[in-house]
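The values are calculated or read from the model by the stated rules, or taken from the named source; none is laboratory data. Source: prediction; values computed, not measured. We place every Cβ from the backbone using ideal geometry, glycine too, and count neighbours over all the protein chains shown.
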Amino acid sequence: MNNATNPSGLMSASPKERSDLLKLIHNAFGPAPTQPRSLEQRLAALTEVELKQVMQWSKFVKMSRNFVKANQAKSYAQLTHEMYGKFDGQRKSLIADLLQEADPVDAVGYTPPKTTVSYRDEVGEEWLRATAQPAPSPDAVTKPNKATPVGPYADKAAFIAAITPAAEAAAAKLDIDPKIIIAQSALETGWGKSVKGNSYFGIKAHGSEKTVEFDTHEEDAAGLMRKQQDSFRAYDNLDESVAGYADFIANNPRYKPMLEAETTEEQISALGESGYATDSQYAEKIRAIVKGLGT
């Protein structure tokens, strides 16, 4: 048996083995350092997996501050606490300090309340649940035209953080403002609260192999919104849904005016006139959401 897992074998171990074991015991059970560690030291103490987690969480906090206008007056510490309230204080502090070091902000200081949650036990499991792909159900195996639903998101910030990378990639392909893509999905899904079959943009099926059915509202000739059920394109995940939206827009002539428009305002107006939705107020709703996302 290895001496590192069998302290009783300490006396029979070689000097080097005893030294390594004592270091292991000291690191595991020794007193906390009396002097606060630097940011560099705190990051160096993380495992590779933990560092990737911290970087991912930090990225989401940064995107939330950039894309949500109301968040731009908040400190990184406050945003981190609002988005990851269950995290232990040290983990939230590390995320906030990392962002403040990289891109300092002058927001009002904020000290979140202390929590007793264990990072590795509860927070680690929460992250794994949020990022792991769900195992396919028997229906998904026998019925390939059905996709696993995803959502809802905890809040608007979580939805924005999740969709932004794919939206920016699609926007670069289409040469439009990514906030329009985010706004369309937010409007179609209620900020990710109602997503079935990963249909993040409510694109009608029109012969698509993978479909999902759900209720929608269409405006009739009298200007009244009527509830009806329809079939929509389904996808395996969020990224595929955004990519599918980009292909749909790029390959449909009715959206050519939007793709040729130069400014965000012109792109929104062209979208409203394209017939993407029967809602006569569609452009105004998209415009309002884009404005709320900030610069």
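Please go through the range 237-253 and give me each residue that is under 18 Å from Ile286 (Cα atoms) and surrounded by fewer than 16 Cβ atoms within 10 Å (Cβ to Cβ), ordered by number.
Initial filter on the range 237-253 (under 18 Å from Ile286 (Cα atoms)): 242, 245-246, 249.
If the condition is that a residue be under 18 Å from Ile286 (Cα atoms) and surrounded by fewer than 16 Cβ atoms within 10 Å (Cβ to Cβ), then no residue fits.
Kindly provide the set of residues from the range 167-206 that are farther than 22 Å from Ala270 by Cβ and in a helix (DSSP H, G or I), ordered by number.
Within the range 167-206, the first condition is being farther than 22 Å from Ala270 by Cβ, and the residues that meet it are 189-199, 205.
Hit for the range 167-206 is Thr189, nothing else.
Here's the yes/no breakdown for (1) in the same structural domain as Ile160 (by TED's automatic domain parsing); (2) part of a loop (DSSP other than H, G, I, E, B); (3) buried (at least 18 other Cβ atoms within 10 Å of the Cβ); (4) at pLDDT below 80:
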| residue | (1), (2), (3), (4) |
| --- | --- |
| Leu21 | no, no, yes, yes |
| Pro31 | no, yes, no, yes |
| Leu46 | no, yes, no, no |
| Leu51 | no, no, no, no |
| Lys59 | no, no, no, no |
| Asn66 | no, no, no, yes |
| Ala77 | no, no, yes, no |
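Please state which one of Tyr282, Tyr235 is modelled with pLDDT under 95, within 18 Å of Lys173 (Cβ to Cβ), assigned by TED's automatic domain parsing to the domain that holds Ser194 and in contact with a helix residue (DSSP H, G or I) (Cβ under 9 Å, 6 or more places away or on another chain).
Working: Tyr282 fails: within 18 Å of Lys173 (Cβ to Cβ).
The conditions single out Tyr235.
The rows are residues; the columns are (1) at pLDDT below 80; (2) of a type in the set (Gly, Ala, Ser).
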| site | (1), (2) |
| --- | --- |
| Thr164 | no, no |
| Glu168 | no, no |
| Ser185 | no, yes |
| Ile203 | no, no |
| Asp215 | yes, no |
| Glu218 | yes, no |
| Asp230 | yes, no |
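Looking at the range 265-276, which of its residues are crowded, with 17+ Cβ neighbours inside 10 Å and either assigned to a helix (DSSP H, G or I) or touching a strand residue (DSSP E or B) at 6+ places or on another chain (Cβ under 8 Å) (or both)? Full working, then the answer.
Of all residues in the range 265-276, those crowded, with 17+ Cβ neighbours inside 10 Å come to 267-272, 274, 276.
Matches in the range 265-276: Gln267, Ile268, Ser269, Ala270, Leu271, Gly272.
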